[in-house]
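Engineer: Okay, handing you the structure first.
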Amino acid sequence: MNTQMIDGKLIAQTIKDELKVKVETLKNQGLTPGLAVILVGENPASQVYVSNKKKACEYIGIKSFSYELPSETTEKEVLELVETLNNDSAVHGILVQLPLPKHMDEQKIILKIDPVKDVDGFHPYNVGALSIGLNGLVSCTPAGVIELLKRTNIEIQGKNCVVVGRSNIVGKPVSLLLLREHGTVTICHSRTKNLHAVVGQADIVIAAVGIAKFISGSMLKPGAVVIDVGINRDENGKLCGDVDFESCKGIASHITPVPGGVGPMTIAMLMHNCVLAAKNQGGF
């Protein structure tokens, strides 16, 4: 079987180009979407993410507000900053870059963000809205997974979808989104018995377990679609996903690479959420 690569970079670029046009229209109507990003401390990976988010904002025409705070900043100061941004009408999206330093309670800070400005989709209000089918802001990586499938014309309805991983950031929300698209969903994790057998039934496999090359070609049903959400380092320190890419080639019908698959989609969907939040708040 000829395995088709799903190019996340290309699809993300298409989404950003579509958003650029939307933002141009909104600006002509007097609304400039604004995104505030709070980064506490000197985590190098977080610094890279924040710089990528700024670049994406600039490309699309979203005004970006950046708060880069030293790691000794107190939790109280961050909560006060979030409150100020909640009340700032020029800011439509607020994102607190995780992980936060150890002395801060992440949940407490996420709870402080106004749900209409929670472009990461982590606030319990938005998670709850997703679980009962109301409109809300959906977390970016799971939303990106669904966009990848849709824009590659992969049918989700009625398909056996197996999600490996049950995190609040990917596993659970992506399962709810697949259900919303009428997929038949099984969630697996480290304690699932006969994981091989369960994955072997899947038409669509979403790997979000955080273990390098955990899903191998021998586990797949021929023709399965494989979406790899993992970002790990292999034994040579090279970036790799949760899927053993080489062993899946020739078995999977479609597969996402790491890097260049789900990663670029996360930022594209963050931009999408920011534009959506601006429209909601501006009454468009």
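Engineer: Hey, can you tell me all the residues within region 249-284 that are among the hydrophobic types (A, V, I, L, M, F, W, C), crowded, with 19+ Cβ neighbours inside 10 Å and in a loop (DSSP other than H, G, I, E, B)?
Structural biologist: Scanning region 249-284 gives 251, 252, 258.
Engineer: Please count how many residues of region 1-45 are of a type outside the set (S, T, N, Q) and in a helix (DSSP H, G or I).
Structural biologist: Summing the residues that are of a type outside the set (S, T, N, Q) and in a helix (DSSP H, G or I) in region 1-45 gives 19.
Engineer: Pairs, please: C-beta under 8 Å, at least 6 apart or cross-chain, first residue without any contact (Cβ under 8 Å) to a residue 12 or more places away in the chain and in region 59-83, second surrounded by 15 or more Cβ atoms within 10 Å (Cβ to Cβ)?
Structural biologist: The qualifying pairs are 77/69.
Engineer: Let me ask something else about it. Kindly establish whether residue 94 is out of contact with any Ser or Thr (no Cβ under 9 Å at 6 or more places or on another chain), crowded, with 21+ Cβ neighbours inside 10 Å, assigned to a loop (DSSP other than H, G, I, E, B) and without any contact (Cβ under 8 Å) to a residue 60 or more places away in the chain.
Structural biologist: Taking the combined requirement at face value, the residue does not satisfy it.
Engineer: Please verify whether residue 58 is over 14 Å from residue 267 (Cβ atoms) and loosely packed, with under 15 Cβ neighbours inside 10 Å, treating the condition exactly as stated.
Structural biologist: Taking the combined requirement at face value, the residue does not satisfy it.
Engineer: Can you find, within region 127-145, the residue that is surrounded by the most Cβ atoms within 10 Å (Cβ to Cβ) among those that are polar (S, T, N, Q) and within 19 Å of residue 265 (Cα to Cα)?
Structural biologist: By that ranking, first place goes to 139.
Engineer: Moving on. If residue 215 passes every condition in (1) buried (at least 16 other Cβ atoms within 10 Å of the Cβ); (2) within 16 Å of the chain's Cα centre (by Cα) but one, which one does it miss?
Structural biologist: Exception for residue 215: condition (2).
Engineer: Being in the same structural domain as residue 156 (by TED's automatic domain parsing) and within 16 Å of residue 144 (Cα to Cα) is the requirement here; does residue 243 meet it?
Structural biologist: Considered against the rule, which asks whether it is in the same structural domain as residue 156 (by TED's automatic domain parsing) and within 16 Å of residue 144 (Cα to Cα), residue 243 comes out as no.
Engineer: Of the residues that sit in region 146-176 and are surrounded by fewer than 20 Cβ atoms within 10 Å (Cβ to Cβ) and hydroxyl-bearing (Ser, Thr, Tyr), which one is modelled with the lowest pLDDT?
Structural biologist: 167
Engineer: Considering region 154-202 alone, what residues qualify as being under 21 Å from the mean Cα position of the chain (by Cα) and either on the phi > 0 side of the Ramachandran plot or without any contact (Cβ under 8 Å) to a residue 12 or more places away in the chain (or both)?
Structural biologist: Listed by number, the residues that qualify are 155, 165, 179, 182.
The values are calculated or read from the model by the stated rules, or taken from the named source; none is laboratory data. Because the structure is a prediction, the values reported are computed rather than measured. Every residue, glycine as well, gets a Cβ built from its backbone with ideal geometry; the counts of neighbours run over all protein chains shown.
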